[in-house]
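What follows is a single structure, written as structure tokens, with notes after it.
The values are calculated or read from the model by the stated rules, or taken from the named source; none is laboratory data. From a predicted model like this one, the values you see are computed outputs, not experimental measurements. Cβ placement follows ideal geometry from the backbone for every residue including glycine, while neighbour counts extend to all protein chains displayed.
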Amino acid sequence: MALVACDQTEEEPPTPVAAVSYSPVAIESVPGWNADNLSEALPAWRHSCQKILGFQPTRELGPGVGTAGDWQGPCQQLASVADGDTPALRAYLEENFLALHVTGSDNPPGLFTGYFEPILEAAREKSELFAEPIYALPDDHVTVNLGNFDPALKGKAVVGRVQDKKLVPYRERGEIDAGAITDQAQTLFWARDPLDVFILQVQGSGIVELPDGARQRIGFAGHNGHGYGSLGRWLIDQGELPANRAAWEDIRGWLEANPDRARAALAVNRRYIFFRELDGDGPLGAAGVPLTAERSMAVDTKHVPLNVPVWLDIEHPDGKTRLQRLMLAQDVGSAIKGVVRGDFYWGTGRAALDKAGRMKSTGSYYIVVPKTVIPAS
């Protein structure tokens, strides 16, 4: 969703809310507090704590949560909680942490979608069967940090390429699919299915399964600088799919039934993702730590900082229960914008796809912070 993932979901981005408030409540009063097996979140939290412990203590982590120094002591204490010891973790949290209920100025319903890590068939060499390229970052790809030119633009960047000594926008998806960068970009793998590659790009990371059964994880290396466009939303708007039947399998069915229109439809999403090969466990999120299935989520960092725990209270995609659990904010996504907005990481493969594809839940969340942190008002 980065996994600078999360170019993720086939959902229309919600309208951002201008103002945000953080209302402190006792952590034991959040909905479902006593039902969660909290220790399942420990591996994800330990990854984020390792990141925070490497920061300078004065580094601001983000809105409402203080500095790295405010978290380094609690992170060190967390190491004494044994794996699997939910009662000890619950007691530690109740004694040392509180929850900040995150709400927007007009208190809109929160939107929570899901994403996953796909597995796709591919080969190292091109063939009649494997002909869809998965590109590395092209040689002519340029990223300009605008803050280097104007301090007022700190944190903003543009992506492009140099043409006639001028920086121009990078190629759009339609141009790239037509072969515009074959001389500029290394092809890491050749995949069987164009839609699988498209889904890989929307999710931001995945696993390539080679013909001999070997697997290689690949992750986000960069993008072409263009905005995300929802293929599912476009098919609905065109009257090609009903609003309640626009999941990935529905989209695949439409593309297979309309091969002459498939490339033009995919080009609706002008954004294009480039990849690199990864080692280690789990896909990497924007926080620079491995994502943990059902315990990592993508957030809008204007409102929720990375590497902090978040308590989730939302509808389950099964429509019968609620997802009330401790999560870690460890990723971002171009479609994940708004005060009460999140993308739930379900894990790897088809079972995760089934859950992620059905998820469009309402609900709320709370940032979990040390009691030593003065909450924003």
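The table for this structure:
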{"read-out": "Matching residues in region 113-128 - criterion: being under 23 Å from the mean Cα position of the chain (by Cα) and assigned to a strand (DSSP E or B)", "value": "THR113, GLY114, TYR115, PHE116, GLU117, ILE119, LEU120, GLU121"}
{"read-out": "Looking only at region 169-208, and only at residues there that are crowded, with 19+ Cβ neighbours inside 10 Å and hydroxyl-bearing (Ser, Thr, Tyr), the one that is nearest to GLU121 (Cα to Cα)", "value": "SER205"}
{"read-out": "Subset of region 186-223 that is among the polar types (S, T, N, Q) and closer than 19 Å to ARG350 by Cβ - its residue that is nearest to the chain's Cα centre (by Cα)", "value": "GLN203"}
{"read-out": "Residue within region 142-150 that is among the aromatic types (Phe, Trp, Tyr) and not in a loop (DSSP other than H, G, I, E, B) present", "value": "no"}
{"read-out": "Count - residues of region 209-221 that are within 21 Å of VAL158 (Cα to Cα) and either among the aliphatic types (A, V, I, L, M) or surrounded by fewer than 19 Cβ atoms within 10 Å (Cβ to Cβ) (or both)", "value": "1"}
{"read-out": "Check on ARG171, in a loop (DSSP other than H, G, I, E, B), more than 20 Å from ILE336 (Cβ to Cβ) and either at pLDDT 95 or above or in contact with a Pro (Cβ under 7 Å, 6 or more places away or on another chain) (or both)", "value": "yes"}
{"read-out": "Residues within region 241-296 that are among the hydrophobic types (A, V, I, L, M, F, W, C) and surrounded by fewer than 13 Cβ atoms within 10 Å (Cβ to Cβ), tallied", "value": "3"}
{"read-out": "Residue within region 130-140 that is more than 20 Å from VAL25 (Cα to Cα), of a type in the set (D, E, K, R), touching a Ser or Thr at 6+ places or on another chain (Cβ under 8 Å) and outside the structural domain of PRO31 (by TED's automatic domain parsing) present", "value": "no"}
{"read-out": "Tally of residues being surrounded by 14 or more Cβ atoms within 10 Å (Cβ to Cβ) and either β-branched (Val, Ile, Thr) or closer than 27 Å to GLN56 by Cβ (or both) across region 78-103", "value": "12"}
{"read-out": "Matching residues in region 19-36 - criterion: being over 26 Å from the mean Cα position of the chain (by Cα) and hydroxyl-bearing (Ser, Thr, Tyr)", "value": "SER29"}
{"read-out": "Residue selected from region 209-249 under the condition among the acidic types (Asp, Glu) and at pLDDT 90 or above, by the criterion nearest to LEU120 (Cα to Cα)", "value": "GLU209"}
{"read-out": "Tabulated pairs, region 265-281, first within 18 Å of GLY333 (Cα to Cα), second aromatic (Phe, Trp, Tyr) and in a loop (DSSP other than H, G, I, E, B), C-beta under 7 angstrom, 6+ apart or interchain", "value": "ASN269/TYR228; ARG271/TYR228"}
{"read-out": "Some residue of region 312-321 being buried (at least 24 other Cβ atoms within 10 Å of the Cβ) and outside any loop (DSSP other than H, G, I, E, B)", "value": "yes"}
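Listed here are the residues, each with its yes/no results for (1) farther than 30 Å from PRO138 by Cβ; (2) touching a Phe, Trp or Tyr at 6+ places or on another chain (Cβ under 8 Å).
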| residue | (1), (2) |
| --- | --- |
| ASP250 | yes, no |
| ASP260 | no, no |
| VAL268 | no, yes |
| PHE275 | no, yes |
| ALA286 | no, no |
| LEU291 | no, yes |
| ASP313 | yes, yes |
